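Input: a single structure, listed below in structure tokens.
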Amino acid sequence: MAAPRDGTLSWFLALTLGVSLIKFLLIKAYHSTDFEVHRNWLAITHSLPVSKWYFEETSEWTLDYPPFFAWFEYGLSHIAKYFDEEMLVVQNLTYASPATILFQRLSVIFTDLVFVYAVKECCKCVQGGKRPRDILGSPSFVLAVLLLWNFGLLIVDHIHFQYNGFLFGVFLLSVARHFQGRHLEGAFLFAVLLNLKHIYLYIAPAYGIYLLRSFCLIQDNSDGSLKWRNFSFIRLAALGIIVCSVFALSFGPFLALDQLPQVLSRLFPFKRGLCHAYWAPNFWALYNAADKALSVLGIKLKLLDVAKLPKASMTGGLVQEFQHSVLPSVSPLITLICTLISVSPALFSIWHRPCGARGFLRCCVICALGSFLFGWHVHEKAILMAILPLSILAVESKDDAGVFLILATTGHLSLFPLLFTTPEFPIKILLMLLFTLYSFTSLKRLFRHGVAAGRGQGSSPAGDSEQEFGVVRLHGLVHSHDPQRYEP
Amino acid sequence: METWAVASICVLLGLTARWTVSLNSYSGASKAPMFGDYEAQRHWQEVTFNLPVRQWYFNTTDNDLKYWGLDYPPLTAFHSLLCAHIANLINPDWIELHKSRGYESPAHKFFMRATVIFADVLIYIPAVVVYCLYLAQGSSKTKSSALLCILLYPGLILIDNGHFQYNSVSLGLALWGVLGLGCGHDLLGSLAFTLALSYKQMELYHALPFFWYLLGKCGKLGLTGKGLILLVKISLTVLVSFALCWLPFLFDPQQTLQVIHRLFPMARGLFEDKVANVWCSLNILVKIKTLLSVDTQIYLSFGTTLLAVLPSSIKLLMKPTFWQFRLALMNSSLAFFLFSFQVHEKSILLLMSVILSAPPFVLLSMLPLLLKDNLFQPYIITSLGFIVFSLYLFSAVDRSSVDDLRLGPCCRLTGTNFLWFSFSTVVKLQFALSVLTMAGLSFMSAALEPPAKLPDLFPVLVSACACVHFLGFLLYFNLVQLTESPRSDKKKIN
């Protein structure tokens, strides 16, 4: 149920403007190789015909996002030519004139407007507190700050350089539409999102199960169990048409050109290895570390022969395939199975006892976390996929707020290695302090008087909640509990 | 939210703005052979570290005064010495005598930027926090908003963290002086201001109000009893602290004279470059710089400055309240800026320290300087942010009734009635006009080429417009100070 807005939205505008000004001030900051990646894609999509997009290999940063993102870059390239035409030449590798930098940075700042709109929609969905007069203490305001001023998003997008703001905008908008009961729009947006960046496959199971259970099955029995007779084929067909047409639009041209295998091999490069060059703090990082420790121990205790061990070092900073020395090697299939096992309780939960849009959102967070922990070649930036949606739950429930604070703080800390240059060092410390200080004090204040609308305060009176604990890992504790019954 | 949390967030935002502006270029970057203020500061570290004290202010074989010779008082020199010692620990190449001229590297830039921000954090920011939270009036929301706006003031950030200077040290110390006086700690306040004056001689702009306020206060306490004791104590504090700062230069009269000669370069003329004061603007119409001899110029500026400062000083002496003191600070700095000798654009910063609502023209007047340093982008962003946020947080344009602007007594005295416009409309119009002019002139200065016959057209226009505005403000603040009635002492604008 959408809550009414608190007063005017002038504070929202002020927040947006404030963070945008910081983004502008960061134009001159360090940018990573991702900058060159996107410049290269601008060049490829502008200068070459569609048939060559996924074959072009002049630069090592080949196109590995789905077609919609390629079209997005194509659209941007038409504006880019007014800034500096040289950046659109494919052969101009690592070209970074001031005009190029300005254009690219501005493109991120302006596409963030999608994110701003999505945040506005999410704030509308959040239930207001008992004291609507106090704007600064209302859940909508806190949520707006937690999302708009999110530290991770700021440094990954506006310093490191990526377009996550735009993509998360589409994602959060889809979530907001589900909260508002506009499920077809939400499904459409998610289909579009998958064709913009396929990493969101991490949370596709949540969407699938939720839509099947809560959208296609119109009514439940009085005890909440399935009532197959109420299965709406029309709704299923509508969903199917929407999703299929989006995918057809996206992959159609490449299907026609008979390039589908090439596109898929670009999208899913399994040769890249179990871990990224910078280890994401997930389960396999621990696994690798344990393997290394055991092999060192084994050599010391003369149980292993040094000559027989594989030579490739996992910490070498190179991205390649290698075998583990002591523990069994891990293949992509194994990571998939582990991921599915870790998220299946949550998926089962929203199938068996659906709890509306909030339950779905919680499941999204769990799917994101599960995939982060057990996925193949995970980037540490993927933690944002769990932190951002959790913000919405955090302003409504005390327990979620507690989990959010731990997850956000540790997740953001894990992003620190992304910015390793000296001039940016104080900036990342300051921004981290800002976000952490604000999140702790505002969430504490929000729940000090029990302001939140009595949600998620632990076990329901009927005592039918289950507590599941995820993996206790070095970087945080994750727990999920069965959400209470909510109206969709 | 608790005050400490809000204050911390404001401080963190202020520091973030400073560090991000620090990413940009600095004064004289890569501009051999003279470079700019950044190189001047580095050179002073070199000079103070490698040469004995008696050579610092003199022209010797090792110390060429023409290449950024020291022209600030001794405390700046000691500060440079301290920085030089730290630099020596990190990389002695940065301050090697003669060889390090024009030294530029990313690591060195980070070090220099860090010294500025360290000084900010140590001196200026705590002063602002204490001022806003304890001395300013209003709700906690007003105080926090004031804190945020002062910390985000673009002028100081762009000059200190962009162009490169250490104004925050002298401004911070002067602010501690104001705080001391405001809380009744006259001795500590005097000490702080003496230190400020020993750091940069520009603080003389603020010196007269300090003097008259303390003298008036002693007078009110009775010049034969408690007043005299206080006067003696203050005088001793001031003299001893001056002596301590200037100690190495007091043993030889030649040293003292040379330092003073360096601090007040009379031979350089009434003004240099384009600055938003009366003499530069007058020079457009009447070439006074060339018509009058240097001596006449000195007397002229001396006389007019004293005249401009006289009404405010007398009023302060007669009525030494803290509110009068703050007004007098504003008037004195405006008067000095507009009329005194050898004023630099950066001195405009001295106008903003006490009163919050710094007009857009203060920022605009620094534009030519910032354009030279490639700081146009941060200038636009920070100015925009500051104007928008001060407008949003204070609804400044709404507080423009006659009462709010404290012109009530003035209007009653002179019997003026703004018949055909309502007063608030006039103020709103004026504010809108100044913002528009600022935007227009900024755009023209950055984007357009001046005509060949008038190559300095834009800096001159900017300075002239700003000068007119400042004269207006001088008039306004003088009116407010002079016509203040005894009963309105309790209300204070933040």
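The values are calculated or read from the model by the stated rules, or taken from the named source; none is laboratory data. Just so it is clear, the model here is predicted, and its values are computed rather than measured. Using ideal geometry, Cβ is built from the backbone for each residue, glycine included, and neighbour counts are taken over all protein chains shown. Please note that ligands, DNA and RNA were not included when accessible areas were found on the heavy atoms of the full protein model with its side chains. Shrake-Rupley method; radii C 1.70, N 1.55, O 1.52, S 1.80 Å.
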List A:Glu121, A:Glu85, A:Glu56, ordered by accessible area with a 1.4 Å probe, largest first | A:Glu85, A:Glu56, A:Glu121
P(r) of region B:29-84 in 10 Å steps, Cα pairs, percent per bin?
-> 26, 57, 17, 0
Take each complete run of DSSP H in chain B, measure how far its Cα atoms stretch along the helix's own axis, and keep only those covering 18 Å or more with mean Kyte-Doolittle hydropathy at least 1.6; list them.
-> B:226-246, B:457-482
Quick P(r) readout (region B:150-292; Cα-Cα; 10 Å bins; whole %) gives 10, 28, 30, 24, 8, 0
Averaged across the residues of A:423-435, what count of C-beta atoms belonging to other chains lies within 10 Å of each residue's C-beta?
-> 5
Semi-axes in Å, largest first, for region A:74-161 (Cα gyration tensor, √(5λ)) are 38, 12, 9
For the protein assembly as shown, the spread of Cα positions along each principal axis, largest first, Å = 99, 67, 63
Any idea of A:Glu57's accessible area? Nearest 10 Å², probe 1.4 Å.
-> 130
For residues of A:15-23, the mean tally of beta carbons on other chains within 10 Å = 4
To the nearest 100 Å², how much accessible surface do chains B and A cover up together, summed over both, with a 1.4 Å probe?
-> 2400
Among bridges DSSP assigns within the protein assembly as shown, what percent are antiparallel (round to 5)?
-> 60
Per residue, accessible area of region A:1-159 with a 1.4 Å probe, heavy atoms of protein chains only, in Å², comes to 39
Give the shape of chain B as rounded, prolate or oblate, defined through the alpha-carbon gyration tensor: a ≥ b ≥ c are the square roots of its eigenvalues, a/c under 1.5 means rounded, and otherwise the shape is prolate if a/b is larger than b/c and oblate if not.
-> rounded
In the full protein assembly as shown, how much of A:Trp41 is accessible to a 1.4 Å probe, in Å² to the nearest 10?
-> 10
Tally up the carbon and sulfur contribution to the accessible surface of the protein assembly as shown as a whole percent, 1.4 Å probe, everything protein left in place.
-> 69
Cα-based Kirkwood hydrodynamic radius, region A:340-412, one decimal, Å | 12.6
Out of residues 5 or more away from A:Val378 or on other chains, whose amide H comes under 5 Å of its own, with H placed 1.01 Å from N in the peptide plane?
-> A:His276
Over all residues in B:377-388, what is the mean tally of Cβ atoms on other chains that come within 10 Å of each residue's Cβ?
-> 3
Could I get the Rg over Rh figure for region B:76-156? Both from C-alpha atoms, Rh via Kirkwood, rounded to two places.
-> 1.17
Determine, for each peptide in B:102-110, B:186-194, the mean count of other beta carbons within 10 angstrom over its residues, then list the peptides with the highest first.
-> B:186-194, B:102-110
Region B:15-43: which residues show an accessible-area loss of 20 Å² or more, assembly versus chain alone, 1.4 Å probe?
-> B:Thr16, B:Trp19, B:Thr20, B:Leu23, B:Asn24
Given the protein chains as shown and a 1.4 Å probe, how many square angstrom of B:Trp94 are accessible, to the nearest 10?
-> 10
Alpha-carbon Rg with Dmax, taken over region A:1-110, Å = 17.4, 54
Quick one: order A:Val243, B:Val178 from most to least accessible surface, probe 1.4 Å.
-> A:Val243, B:Val178
Computed over region B:208-335, Cα set: Rg, Dmax in Å | 18.7, 55
What would the Debye formula give as log10 I(q)/I(0) at q = 0.10, 0.16, 0.17, 0.19 Å⁻¹ for the alpha-carbon point model of region A:165-300, no solvent?
-> -0.54, -0.96, -1.02, -1.13
Take the alpha carbon gyration tensor of region B:140-211, find the square roots of its eigenvalues, order them as a ≥ b ≥ c, and report rounded if a/c is under 1.5; if not, report prolate when a/b exceeds b/c, else oblate.
-> oblate
log10 of Debye I(q)/I(0), alpha-carbon scatterers only, for region B:110-164 at 0.17, 0.29 Å⁻¹ | -0.58, -1.11
Could you please put B:Met438, B:Met202 in sequence from largest to smallest accessible area, using a 1.4 Å probe?
-> B:Met202, B:Met438
